[in-house]
Structure formats: structure tokens, C-alpha cells
Amino acid sequence: MVEAIPEHLEHKAAVLVELDRVLRPEAIIASNTSSLSVTELGVRTGRPGKVVGLHFFNPAPILRLVEVVRTVVTEPDVIDDVVGFVRLLGKEPVVIGDRAGFIANALLFGYLNHAVEMYEQHYATREDLDAAMRYGCGYPMGPLQLLDLIGLDTAYEILDTMYHQSRNRLHAPAPLLKQMITAGLLGRKTGRGFYTYDAPDSPVEVADVLTPIEQDGGLSGRDIHRVGVLGTGTMATGIAEVFAKSGFDVVLRARGLDKARTAIGRIGKSLDRAVAKGRLAETEKSVILGRITPAVDFEELADCDLLVEAVAEDLAVKTAVFGALDEVCKPGAVLATTTSSLPVIECAAATSRPGDVVGLHFFNPAPVMKLVEVVATIATAPDVVATAHAICQRVGKHPVHCGDRAGFIVNALLFPYLNDAVKMLEGHYADADDIDTAMMVGCGLPMGPFALLDVVGLDVSLAIERTLYNEFRESGFAPAPLLEHLVTAGRLGRKTGKGFRDYTA
């Protein structure tokens, strides 16, 4: 028997008690609850060993994921039978211990709640929060768009249930959710939530008072013709390629001429691949490479209008670079850092022109990824922000704006979610394969958390998580011990052959 009545503990328990009375002893009772304790439901019956969670996702005929929830008293053969039954239905079963939110909701709703808090704090606009996760992570929908689809009242109830079970502050519903629910702004079903829709239950967004308006007479930026890129890594060469393709003259500065020429050679190979795929003509390749000049001395950057630093993610190295740029760059030049986690204001403070310094966080690989986070410090001049926005658009990127704090938008939302997944594995609630499957099949994400961690690198992930924890001092951001142990053991992901999975075979 599968119980699928509304999400109310006492009502569900009453149904299960009645089912227990009339069903034969060997029958299995399953609850479709998305967040309530299956253990608490099961112990109300005389057969707790045959009570299991069977959480289908809406719409059930279309979505393939089913979470099979075992309690501490569920009989092992019951789980085996239910998993086999789910497969017969053509669905993808994942097994999870009985914890708040199971797999998908436990990981998804903490992330959604964090996005609401960011919006509530005016850290970023709704459009920029959603665009950041779509373009930066490949998610099918941004967090606030997804909340409107789910329904803010439904999201609040799930978060509240999770919080009362976990006592994790990150699950405590953001106050803004309660305020919007009280005002009747429940999302698509009422025609208004974080966005406004042309009718209740319509997916069509319409402009409202919060919709940004592009004004022709707005603040004008500075003229950019010549761009300096500092660094020779994957990020630096990718950024140099992006600007050269867009018609800018580029000076690529390295610590040695050989390194600079090698970096330009890598750009040439990248362009060769584009030619082979028919995306670029051979003649265009020569023109693009002809726009890039190698350099070693900082003085060779003196006539650049925009300087983009893409050296190692080390604050001492970056501040030294900005100090050197300050001495040689012409007045009015915009100085940008591509840091993904360090304070931009620290780079600005190393110069005598903090108003000219801004963050331009490109995503790897820069020629492919569309997102750039434009990070303004408390000192960044408004026309510098306008320049950064315009330059991103000129090179075909989508700029999103945020303040200068750890993680900016994407990493600040992504890595606590990844950390929660590691803690779920560490607590033996589910295995890595089932967690990855749940997030890909159930939530439509392009990669599961463990596949993504192994690609990013466990050492890089740990460094970002430590930065977030040190900045916000939020106990839920503390890196999972399992991640620390894997890094200590040298299991860093795909680059070492082993991470959460073994790639050596």
C-alpha cells in the first residue's frame, strides 16, 4: 500500500494505523512523505519493520527518481523488495536513511534557503542570483525561479520540518519566506512570488517594478581598447583568447618570455580545435593570434586600459602584482582581479587607486563559460563597475553583480551544498552513487555532488569551504571531516586518480 495524502503527520499516521488493521501481516506499507519522519509513522503501526518511505517526485508519471527511505527498524528484505518493485515501474530508486528531507530535499532546500537569505540581504538581485546558477553551474533553473515553481508555502513547510528535525540553522526558513507567504505571494500558483506572472499557474514571467531597465542615458564607462592579462595558467590564457577573439589588442604578461610564448601557443591550440570543429576560419585564427603580444616587464603594460590579473590564488602574490601595476599603469586604467575567493579589497588596498579596482571572476574554461561575476568593493568607483559590465557584454559574457565577500554568488551557494552532501555520505545515510543519482535525476542537475567535487579537486573545494567558514563563522559551513581526511591522504579527485571514486581503472 502506498499512502500519498497531504503532508500532515497525524493524518498520515491515522491512515497507516487503519491500513495496519486491515492488511494481511506480510503486506508492506509505504508513505510518499517528502519530509516527515518515516520512523515516527512506522512506530504507530504494529509492523514497523514493514513500513518504508517511497518518495515519488512530481509529476510522478514523468520524473524517474524515487527515494526509498529505510528506518532503523525496516527489515532488509523489505528494502530489497521495494527497490525491485520501483525498478519494475521503470523508475530510478535510491536508498536513504530516515533523515529530514531524505536526499534531494535535504540538499536542495538548504541551497534554496541560502539564496533567499542572499536576496533578503540585498547582496544580489533576483535576476543575478538566478543567472549566476544557470550560467555558472548549468542548473536548469535559478533558485528563486525554482522556489516560485515549487510554491513558497510548500518550501517553508519542508524547511520548517527539516529544521525541527536537524536543528541546523541553515534549514531555518529565511524570514522573507514567511513575510511573502503572509502577503499571499506564493509563487506561480498565485501569479506572484519572487517574480510576477501573467496569470496564476502561468510560467510566463512579466515585468514588474523590480525588473531592471537598461537605460541609454545611464552611467557611462571608460574607454577600453588595449587589455593586459597577467598569468599563464588555464584561466589567463582563456581570458586572453576571449578578449583577442572580440577584437581587443592583448598584452599577455608572464614571468619569462618563454612562458609567455608557451601560453600563446596553448591559445593557438585552442583556436586549432575551434577551426577543426568548423567554428572558426583558419584566416581568423591568424588574425586573433596577431592581436596577442607577449610581455615580461610590467612597464610593457603601461598603455593598457584594462588589466586583468589571473595569477595564482595566493593573496600575497596578488597584492604584489597589484602594487607593481599601480606603479606603471596610466591614470584611469581599470585593474581587475579574477580571484574566486579572496577579498578584492585586499588587492585594491595594495594600490593608491582603490576606486579603479574591481573583481572580474571568469569561470573555467573562459572561452566556453558565459558567466562573469562583477565584484564591487566598498571603494570601487561606479564608472568602473559600469565599465566592467559593458566589457563583459562586449566579449559575449553575462555579467552578474555582487558585493565583495567570500564565494561571491556561485561558490557561496554551491560549496555549502557540496559540503552537505559529504556530511550525508559521512553519516552513512546514503552512498555517493545514490546521492549523485538523486540530484541529477530528481533535480535535473548536470552533475551529482561527488562527481563535481572530483572534477573541481578536493583540495580546491576544501580551500573554498575553509574560506567560506572563516568569513561567515557559520557552523554549517565547517568543512566535513571526511573531505579533510581525503585531502590529507592525497585523494584529490580525477587529477590524482582517486577522490570519492577510483579513476585508476
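The values are calculated or read from the model by the stated rules, or taken from the named source; none is laboratory data. If you're wondering where the values come from, they're calculated on a predicted model, not measured in any experiment. Cβ placement follows ideal geometry from the backbone for every residue including glycine, while neighbour counts extend to all protein chains displayed. Keep in mind that these areas ignore ligands, DNA and RNA; they rest on the heavy atoms of the full protein, side chains included. Shrake-Rupley method; radii C 1.70, N 1.55, O 1.52, S 1.80 Å.
Key figures for this structure:
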quantity	calculated
Members of segment 189-217 that are closer than 26 Å to V242 by Cα and open to solvent by less than 90 Å² (accessible area, probe 1.4 Å)	none
Scope segment 4-25; condition over 17 Å from F102 (Cα atoms) and either open to solvent by less than 80 Å² (accessible area, probe 1.4 Å) or touching a strand residue (DSSP E or B) at 6+ places or on another chain (Cβ under 8 Å) (or both); matching residues	I5, K12, A13, A14, V15, L16, V17, L19, D20, L23
Identity of the residue in segment 465-490, β-branched (V, I, T) and modelled with pLDDT of 95 or more, that ends up surrounded by the fewest Cβ atoms within 10 Å (Cβ to Cβ)	T488
Residues of segment 218-236 that turn out to be within 27 Å of the chain's Cα centre (by Cα) and either among the small types (G, A, S) or open to solvent by 60 Å² or more (accessible area, probe 1.4 Å) (or both), as a count	4
Checklist (1) open to solvent by less than 40 Å² (accessible area, probe 1.4 Å); (2) farther than 30 Å from S461 by Cβ; (3) not aliphatic (A, V, I, L, M) applied to P331, failing item	(1)
Candidates F194, F248, F243 - the one that is of a type in the set (F, W, Y) and within 19 Å of L129 (Cα to Cα)	F194
Enumerated helices (runs of 4 or more DSSP H) restricted to segment 104-175, each holding at least 1 residues that are of a type in the set (F, W, Y)	104-120, 126-137, 152-166
2 or more residues under 31 Å from the mean Cα position of the chain (by Cα): qualifying helices (runs of 4 or more DSSP H) within segment 247-343	257-276, 315-328
Search result, residues across segment 427-440 that are open to solvent by 40 Å² or more (accessible area, probe 1.4 Å) and part of a helix (DSSP H, G or I)	D433, M440
Boolean, I213 is under 27 Å from the mean Cα position of the chain (by Cα) and in a loop (DSSP other than H, G, I, E, B)	yes
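Residue by residue, here is whether (1) open to solvent by less than 40 Å² (accessible area, probe 1.4 Å); (2) assigned to a loop (DSSP other than H, G, I, E, B); (3) not aliphatic (A, V, I, L, M) holds:
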| position | (1), (2), (3) |
| --- | --- |
| A27 | yes, yes, no |
| S35 | yes, yes, yes |
| P59 | no, yes, yes |
| F85 | no, no, yes |
